[in-house]
Every structure is written in C-alpha cells, then in structure tokens.
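Enquirer: Here it is, the structure in full.
The values are calculated or read from the model by the stated rules, or taken from the named source; none is laboratory data. Note that this is a predicted model, so its numbers are computed, not measured. As a convention, Cβ positions derive from the backbone with ideal geometry for all residues, glycine included, and neighbour counts pool all protein chains shown. Note: areas computed on protein heavy atoms with side chains; ligands, DNA, RNA excluded. Shrake-Rupley method; radii C 1.70, N 1.55, O 1.52, S 1.80 Å.
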Amino acid sequence: MPSLHRSAAIVGAYEHPTRKSPDKSAYQIQAEAARGALAEAGLTIRDVDGFMTASRQGMQAAEIAEYMGLNPKMIDGTNLGGSSFLAHTARAAAAIAAGYCEVVLITYGETPISIGRAIGTGGSDRQNATPWPESFETPYGLIIAASYANVASRHMYEFGTTSEQLAEIAVTTRRHAGMNPGAMFRDPMTVADVVNSRMIAWPLHLLDCCVISDGAGALVVTSASRARQCKTKPVWLLGVGEGLAHQSAGHRDYTTVAAAQSSPRAFAMAGVTHKDIDHLMVYDSFTITVLTTLESLGFCKKGEGGAFVQGGRLGMDGQYPTNTDGGGLSNNHPGMRGIFLVIESVKQLRGDFAGTPRQVKDCKLSLCHGTGGTLGTRHSGVTMILGRD
Amino acid sequence: MAEYLKPVPTPDPDTKKFWEYAKSHELRLPRCTACSLLFYPPQGLCPRCLGDALEWVKMRGTGVVYSMSVVYANRSKGFKDEVPYIFGYVTLDEDVQMLTNILFKGDPFQVKIGAAVEVVFDDATPQVTLPKFRLRAG
Ligand SMILES: [Zn+2]
C-alpha cells in the first residue's frame, strides 16, 4: 500500500530572526526566509517547482509566488490556521511521491505588530454581515482567548486541573526561550508570576497566552534522491495524521482535541510508540492548548495532563523536552506558528544546536503537532513524526 | 438609546427561523425528523444525516453551565466597556450545547460550571433578539 512514510525529506528549515519588522513587509520577510531555507540546502529559488503558503493577513498564495518570481508546477494555499504548514508538508510529500513536483517551498510570514492587528483579544465590531456560524459566536463577544479559556475551565471542573499546573507549562517554555538568543521574551519567570499576571479571560492570565510578534519561516521538502544531493542532513517524514474537531452540532466534549484523531494515524504510519519520541513541539497558543494536546496525543491519560506537565517533564532534562525554541508562549507568534514547530524539530534532529544547552541529546525522533483554529469552537490538528538517518 | 456596536447576527436561509422565534422570545431548535438529532447552531439540513426535513422544537429554556470564561480583555467597540462578561457554553436540559452569555449582577464568579441557568431574551436591536442565560432563582 502506498504510504507517505519516508516518501520525502525536509532539506531546508529557516526561521527569520525578526520579531518586529516595521521596515520590511510580510512578503519580504517570507522571501528572505525562503532564501535562507534554500541556501542551506544548496538550492536556489529556480529549483522550486512546488509552492505552498498560508496567511491570515490577506496575502494570496499567487501573490506571494509572484513576489518571489515563481511559476511552479504546483501551488497550494491550503489554510487550516496554525497547523497549515504541517498539512503542507504532508501534501508536499504526497505530491512529490506522486511525481507531481520535486522541490516544494513552504513559506509563512506575517507582521501583526507592524500593522497593529490584535489577535487573541481582538473581538469583533458591528459589521454588514455576520454569517453562519459566526452569527452564533461574535455577537456574544467571542475572542480567541475566551474560547480557549472555556476548554481550560471545563478541564479544571472535570479533572481538578489548576492554574499553577498550567503556569508550569509557561515557566518551562520561558526557560527554553532563555536558551534561544532570538526569542522575544527570555527573562526567567515563576509560577507565581504567571498566576499573578493580569487576567485576560478567566481562567487564562496574560502569561498563559502566546506572545504577538512579527515573523517568518520557510521549509524545503524534496524527494529522497534529491535530498541526497543537498548540503543538509535530510530529515524524514515518518508519519503524519490529520484531524478536525468542531462543535459537533452542540454535542461535543471540549476537553478532547483534534490530536486524538491525528495522533494514532501518525504513530501507525511511523511505526513507533510514544516512548520512542525524544523531542516534542506542541502548538502553544495558550498553556491549555499544550495540556489538552498532550493528553489527546496520548502522552498521558485524559485528565492527567495537569500532573504530567509538573516536575520538569517538559524541560530539557525531562522525559519529553517540549517547545525547545521557547514556543509561542515566549519565542514568537505572528498568528499561525505551525511552521516554527517543524523548523525546530528539523534543527533538533540535525543537531544544529550541538554544543549548546538547547540541543536535545541524541535526538532521533521528534513529534510536532499543530493546532489551527480555535480550541473552544473548531480547530484542525496535524501530527507529524520526523526522524533522521 | 446608545448605538449598538456589537456584531449582530445576519438571519439567512439557514438561521432565519431561529431568529424569528427568538424575536418572539421563544427558544426553538431544529430537530431532524429522519435521525432525530437535535442540534445547535441551526442550519438548513441535519449535520448528521444531511436530511432536510426539520421540526422546530420548543426548548424548556433551562440548563446548566458547561464551561465558561470571564472575559476581561476585548478590544472591540461594543465589548470594551462591558468587561467583565461571561462567554460560555450552556447545556440545555434537552442535551444540546449553546455558546452564549451568562448574565450576572455584581460578582461574575457567582456563576459556576454546573450551575442551573435559564434563558433570557436580549432584544439587542429592533431586528434581532439574542437568547442569553442567567442563574435560575432558588
Ligand atoms: Zn439527521
């Protein structure tokens, strides 16, 4: 049976250093990221014959391709929110395996700071039309943080999860940001700092929420044979799975997230088990996103996430070093940060941080999971398991 | 009267009936006559079997809080002066969830998950009434 298992490799992964970009457009920073990802692989923009991208900022895939002078054989603007770039990687591998194209460039870049766009607390003003299903959400004051907060409050109610347990996720992630010179926030913080920070949407405090930054990133995916000619060590797609959770017509268990669907698919394709995983990148729009995703991925039982994240389990010396770049909680979050999860997984597997505290020791298998959309209404989940030679 | 600045639902073919009932202060939800799914939000056909023979069932108007958030930060014009407000899911007695506001006077944390609530109708504009909830007395 055909499978995406080892069907393609990631040969370029580049995170743009900018976190605030008043002088360069969202087009330019993602083109610069593309240049970086291609250069490290020993490729140029002329080698690209497939292009994939997504944005919340209104840029169409064709416009971004035009900016880079691309006339690719395949263009794909699939937008699933923050998980898009993991889905792109899977679709790139499928297209490559089918012989549809061979070198796929995936880019992302947005500048919410420089254009003054609120993300988590933006809310909606009166507008000409409020279509289905928004009609049943924004009139009641939906903000993204409040939607996630509903999942958090329900998790606390059902399982006794505490704000201090959620805070531990933010504290561990901040410690990791301290090892990343490019991270937006690097000063250590404590559980008390988190639970005493300003309430945004109870039970989520300011420091339970991701940062807002500008930023860009790029990936290059290619065939096994082409990967062997590239300058970088190939990182292989071993397993991938997708899932979608929505309101289920008013019959939903909100503490189970889409990862519960995507994770078994990814593990089955990869042929590995949870205990084989050396490194985790789990989308962290909010602390509760990490906790519920870890449960639904199957790293712990449902309801046990609070205890699971305590005691340093997600730290560099813990069982599952997680979000080692500092995550959305401290490193960067331009709106849809899935691409940065894949970039960090690739870099850990290649050993790019060897000789520094940020390198996960003997990192052979990395799992990244992207969440796109809003946990308390509808979201996609894409789980990807990556490995090295 | 102050200008209403919050988003207002746009009744459309999927939702027109729901908003008409709400305007007459009735909470009615569609139920599929083929597979009997009672669902929310309303839509023109059943999201389980795609059948389009629906009946509009009157709800008792009571339920319990399933989940909630007390919102302190919303930068939009209509909500920025209304914080804190409660944005949450209510599970109706008929076993279907609705995303809504739970109204309160004074301390928002009088409202708790699991608390009994009842529907109230907020005549937001001359055209549209929003079903919301408040703690049930007694
Ligand atoms: Zn039906």
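Enquirer: Would you calculate a helix-derived [θ] at 222 nm for chain A, using -39,500 (n - 2.57) for each DSSP H run of n ≥ 4 and dividing by the full residue count, to the nearest 500?
Expert: The per-residue figure over chain A is -9000 deg cm²/dmol.
Enquirer: Quick one: buried accessible area between B and A, total over both chains, 1.4 angstrom probe, nearest 100 Å²?
Expert: 3900 Å²
Enquirer: Under 27 Å from the Cα of B:Lys17, which lysines turn up, not counting those fewer than eight places away in the same chain?
Expert: In chain and number order, the partners are B:Lys6, B:Lys58, B:Lys132.
Enquirer: Solvent-accessible area per residue for chain A at a 1.4 Å probe radius, Å²?
Expert: Here the residues of chain A average 34 Å² of exposed surface.
Enquirer: Okay, next question. Per residue, how much accessible surface does region B:60-138 expose to a 1.4 Å probe? Answer in Å², no decimals.
Expert: Here the residues of region B:60-138 average 42 Å² of exposed surface.
Enquirer: For region B:11-58, divide the Cα radius of gyration by the Kirkwood radius and give the resulting Rg/Rh value with two decimals.
Expert: 0.95
Enquirer: Let me ask something additional. Report the percentage of all Cα-Cα pairs in region A:121-257 whose separation exceeds 18 Å, rounded to a whole percent.
Expert: Cα-Cα pairs of region A:121-257 separated by over 18 Å account for 72 percent.
Enquirer: Okay, moving on. How compact is chain B by the rule of thumb for globular proteins, expressed as Cα Rg over 2.2 N^0.38 Å?
Expert: Ratio of Rg to 2.2 N^0.38 Å for chain B: 1.10.
Enquirer: So, one more: Using the Karplus equation 6.51 cos²θ - 1.76 cosθ + 1.60 (θ = phi - 60°), what ³J(HN,Hα) coupling, rounded to whole Hz, does each residue of region A:149-157 give in order, writing x for Gly and Pro?
Expert: 3J(HN,Hα) across region A:149-157, in whole Hz: 5, 4, 5, 5, 5, 5, 5, 5, 5.
Enquirer: Mind listing P(r) for chain A? All alpha-carbon pairs, 20 Å bins, whole percents.
Expert: The distribution over chain A is 31, 60, 9, given as percents.
Enquirer: With a 1.4 Å probe and all protein chains left in place, how much of the accessible area of chain A comes from carbon and sulfur atoms, in whole percent?
Expert: Carbon and sulfur atoms account for 52 percent of the accessible area of chain A.
Enquirer: Also: Which of the lysines could a cross-linker bridge to A:Lys275, judged by Cα under 22 Å and excluding same-chain residues fewer than eight apart?
Expert: A:Lys301, A:Lys302, A:Lys347, A:Lys361, A:Lys364
Enquirer: With r as the distance between the Cβ atoms of A:Gln310 and B:Asp95 and R0 = 51 Å, compute the FRET efficiency 1/(1 + (r/R0)^6) and round to 0.05.
Expert: 0.90
Enquirer: Two-decimal Rg/Rh of region B:60-138 from alpha-carbon positions, Kirkwood Rh?
Expert: Here the Rg-to-Rh quotient is 0.97.
Enquirer: Next up: Efficiency by 1/(1 + (r/R0)^6): what FRET value for B:Val120 and A:Lys73, r their Cβ-Cβ distance, R0 = 60 Å, to the nearest 0.05?
Expert: Once rounded, the FRET efficiency stands at 0.55.
Enquirer: Next question. Expressed as a whole number of Å, what is the distance separating the alpha-carbon centroids of region A:332-389 and region B:1-57?
Expert: 41 Å
Enquirer: Given a Förster distance of 35 Å, report the FRET efficiency between B:Ala53 and B:Leu5 from their Cβ-Cβ distance, rounded to the nearest 0.05.
Expert: Efficiency computed from Cβ-Cβ geometry: 0.35.
Enquirer: If you fit an axis through the alpha-carbon atoms of helix A:84-97 and take the longest principal axis of the Cα set of chain A, what angle between them do you get, 0 to 90°, nearest 10?
Expert: 30 degrees
Enquirer: OK, next. Could I have the simple spin-label model distance between B:Lys112 and A:Ile115, label points 7 Å from Cα toward Cβ, reported in nm to one decimal?
Expert: 4.5 nm
Enquirer: Of the heavy-atom accessible surface of region B:11-58 (probe 1.4 angstrom), what whole percent is carbon and sulfur?
Expert: 50 percent
Enquirer: For helix A:163-177, what angle does its Cα long axis make with the longest principal axis of chain A, in degrees from 0 to 90 and rounded to 10?
Expert: Roughly 30 degrees between the two axes.
Enquirer: Right, something else. Below 8 Å, C-alpha to C-alpha, sequence gap of six or more: please give me the relative contact order for chain A in percent.
Expert: RCO, chain A: 26 percent.
Enquirer: Further question on the same structure: For peptide A:325-334, how many partner chain Cβ atoms fall within 10 Å of a residue's Cβ, on average?
Expert: Going residue by residue through A:325-334 and averaging, the value is 0.
Enquirer: Expressed in nm to one decimal, what extension gain is obtained for the pair A:Lys364 and A:His251 from 0.36 nm per residue of sequence separation less their Cα-Cα distance?
Expert: 36.7 nm
Enquirer: Which part of region A:43-61 falls in the paramagnetic zone of A:Lys231, meaning amide N under 20 Å from the point 7 Å along Cα-to-beta-carbon?
Expert: Residues passing the 20 Å test: A:43-49.
Enquirer: Just check region A:282-372 against the gyration tensor rule for me: Cα atoms, a ≥ b ≥ c as the square roots of the eigenvalues, rounded for a/c under 1.5, and otherwise prolate or oblate depending on whether a/b exceeds b/c.
Expert: Oblate.
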